[in-house]
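The structure appears right after this line, and notes come after that.
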Amino acid sequence: MKKPDAIYATPLDEIIDFQFDERVVAVFPDMIQRSVPGYSLMISTLGILAARYAQQDSFCYDLGCSLGAVSLAMRQRIVQPGCEIIAVDNSPAMIERAQQLLARAAESRVKVSMRCADILDVKIENASVVVLNLTLQFIPPAQRLALLRRIYAGLRPGGLLVLSEKIAFDQPARQQFHQDLHHDFKRANGYTDLEISQKRSALEKVMIAETLACHQQRLHAAGFGFAEVWFQCFNFVSLGALK
Ligand code: GEK
């Protein structure tokens, strides 16, 4: 049974910047399912993408792994021998809980190593798959290109980067359309207008959404010649970029 997310359910005197602390960790599976349209489909499909692009004797990285959903989906599908998944998150509470969940998961031939570290410091090497599932949006925009360049350099030829993000739109009408539908999605999942607006304020400075064109240009600047949208639901998009 998932613990329900009620973090922003009552009026708060002061809205502090969103943090991935113990309170968020305790409700994270419920929060992400009710907040990100298509989250479950994205996770299960990421396993399929990883299974296609994983290469023998290589590393598959899950950067900003939270509770390890992507790692578990990749681990279930990857069949290539000698693959190891490296899951990284800089929230100690997330990694501690992710390790407990991993210990409870079904046996697998694919090893998962979990690390509490900043993805801006982690060495990316001998990689066949790198996943940034809803993580780049929490990295300051000025540091995003350098990170993508390091990922590109650490990928083997033919390797895959998956980049999933909440996106913004240049044209106000498109922004309004997707934002309204995203809020309807949250209301349909039981969030009140107060919860939606307080969470929005908490995320304002820590989660910076950019346009799809901006992400595609940056991927090209980092070296990726191919970057294709494989998933979109409202203002949530996932791209597959190949080296
Ligand atoms: C999922 N991928 O379930 N270094 C390491 N981790 C970071 C950093 C950083 N610099 N910045 C943020 N994080 C997951 C969902 S959640 C998305 C990813 C969301 C971590 C942060 O601690 C959090 O666990 C994660 O990135 C973002 O598929 O909650 O919207």
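The values are calculated or read from the model by the stated rules, or taken from the named source; none is laboratory data. Keep in mind that what you see is a predicted model, and the values were worked out from it rather than measured. When we count neighbours, we look across all protein chains shown, and the Cβ atoms used for this are built from the backbone with ideal geometry, even at glycine. Surface areas here come from the heavy atoms of the whole protein model, side chains and all, with no ligands, DNA or RNA. Shrake-Rupley method; radii C 1.70, N 1.55, O 1.52, S 1.80 Å.
Would you mind telling me the antiparallel percentage of the DSSP bridges in the chain, rounded to 5?
Values: 14 of 37 bridges.
Antiparallel: roughly 40 percent of the beta bridges in the chain.
Can you tell me the length gained on complete extension of the stretch ASP118 to ALA173, counting 0.36 nm per residue apart and subtracting the Cα distance?
On the way: separation 55, 0.36 × 55 = 19.80 nm, distance 3.65 nm.
Gain in length upon complete extension: 16.2 nm.
Ignoring everything but the protein chains, give the 1.4 Å probe accessible area of ILE43 in square angstrom, nearest 10.
20 Å²
Based on DSSP, what percent of beta bridges with both residues in the stretch 162-243 are antiparallel, to the nearest 5? Show your work: numbers first, answer last.
Values: 12 of 14 bridges.
The antiparallel fraction comes to roughly 85 percent.
With the convex hull built on the Cα atoms of the stretch 3-148, state its orientation-averaged projected area in nm². It would help to have the intermediate numbers written out before the result.
Details: hull surface 37.7 nm².
With the hull built on Cα positions only, its mean projection is 9.4 nm².
Would you list TYR152, TYR39 from the most to the least accessible area, probe 1.4 Å? Don't jump to the answer; show the numbers that get you there.
Values: TYR152 60, TYR39 30 Å².
The ordering from most to least exposed comes out as TYR152, TYR39.
Please give the per residue accessible area of the stretch 1-158, computed with a probe of 1.4 Å over protein heavy atoms only, in Å². Don't skip to the answer; put the middle values down first.
Details: 7680 Å² over 158 residues.
Value returned for the stretch 1-158: 49 Å² of accessible area per residue.
Given 20 °C and 1.002 mPa s, compute D for the stretch 1-57 with the Stokes-Einstein relation, Rh being the Kirkwood radius over Cα pairs; round to the nearest whole µm²/s. It would help to have the intermediate numbers written out before the result.
Working: Rh = 14.0 Å.
For these conditions, the coefficient is 153 µm²/s.
Distance from a point 7 Å along Cα→Cβ of PHE138 to each backbone N in the stretch 45-63: keep the residues under 18 Å and list them by number.
Backbone N within reach: 61-63.
List, in order, the whole-Hz ³J(HN,Hα) value for each residue of the stretch 98-113 obtained from phi through the Karplus relation with A = 6.51, B = -1.76, C = 1.60 and θ = phi - 60°; use x for Gly and Pro.
4, 5, 5, 5, 4, 4, 8, 6, 4, 4, 8, 6, 8, 7, 10, 10
Each residue of the stretch 118-131 in turn: what ³J(HN,Hα) in whole Hz from Karplus with 6.51, -1.76, 1.60 and θ = phi - 60°, glycine and Pro shown as x?
Per residue, the Karplus-derived 3J(HN,Hα) values read 7, 5, 6, 10, 7, 6, 10, 9, 6, 9, 10, 9, 10, 10 Hz.
Is the stretch 169-243 rounded, prolate or oblate when judged by the Cα gyration tensor, a ≥ b ≥ c being the square roots of its eigenvalues, rounded requiring a/c under 1.5 and prolate requiring a/b larger than b/c? Numbers along the way, then the final one.
Working: a/c = 2.39, a/b = 2.08, b/c = 1.15.
It is prolate, given that a/c is not under 1.5 and a/b is the larger ratio.
Would you calculate, for the chain, the mean residue ellipticity at 222 nm contributed by helices, counting each DSSP H stretch of 4 or more residues as -39,500 (n - 2.57) and dividing by all residues, to the nearest 500?
Numbers: 8 runs with 104 residues, N = 243.
Taken over the chain, the calculation gives -13500 deg cm²/dmol.
Hey, what do the phi angles of the stretch 154-166 turn into as Karplus ³J(HN,Hα) couplings, whole Hz, using 6.51/-1.76/1.60 and θ = phi - 60°, x for Gly and Pro?
Coupling constants for the stretch 154-166: x, 7, 6, x, x, x, 10, 10, 9, 10, 10, 8, 7 Hz.
Under 11 Å from the Cβ of ALA209, count the other residues' Cβ atoms, weight Lys and Arg +1, Asp and Glu -1, and hand me the total. Don't skip to the end; give the middle numbers.
Values: positive: LYS166; negative: GLU165, GLU204, GLU210.
Summing Lys and Arg as +1 and Asp and Glu as -1 gives -2.
What is the percent carbon and sulfur in the accessible area of the chain, measuring with a 1.4 Å probe over the protein chains and ignoring ligands? Mind showing how you got there, number by number?
Values: 6260 of 11650 Å².
Of all accessible area on the chain, carbon and sulfur atoms account for 54 percent.
Return the distance in nm (one decimal) between the two label points of a simple spin-label model at GLU204 and ALA51, each offset 7 Å from Cα along Cα→Cβ.
In this crude spin-label approximation the distance works out to 4.5 nm.
Roughly speaking, what is the stretch gain from LYS3 to GLN217, that is 0.36 nm per residue apart minus the C-alpha to C-alpha distance, in nm to one decimal?
Values: separation 214, 0.36 × 214 = 77.04 nm, distance 3.93 nm.
Computed gain between LYS3 and GLN217 is 73.1 nm.
Quick one: grab Rg to one decimal and Dmax as a whole number for the stretch 98-243, Cα atoms only, in Å.
Taking only Cα atoms of the stretch 98-243, I get Rg and Dmax of 17.2, 49 Å.
Restricting the calculation to Cα positions, tell me the Rg (one decimal) and the Dmax (whole number) of the stretch 109-163 in Å.
Reported Rg and Dmax, both Å: 11.6, 39.
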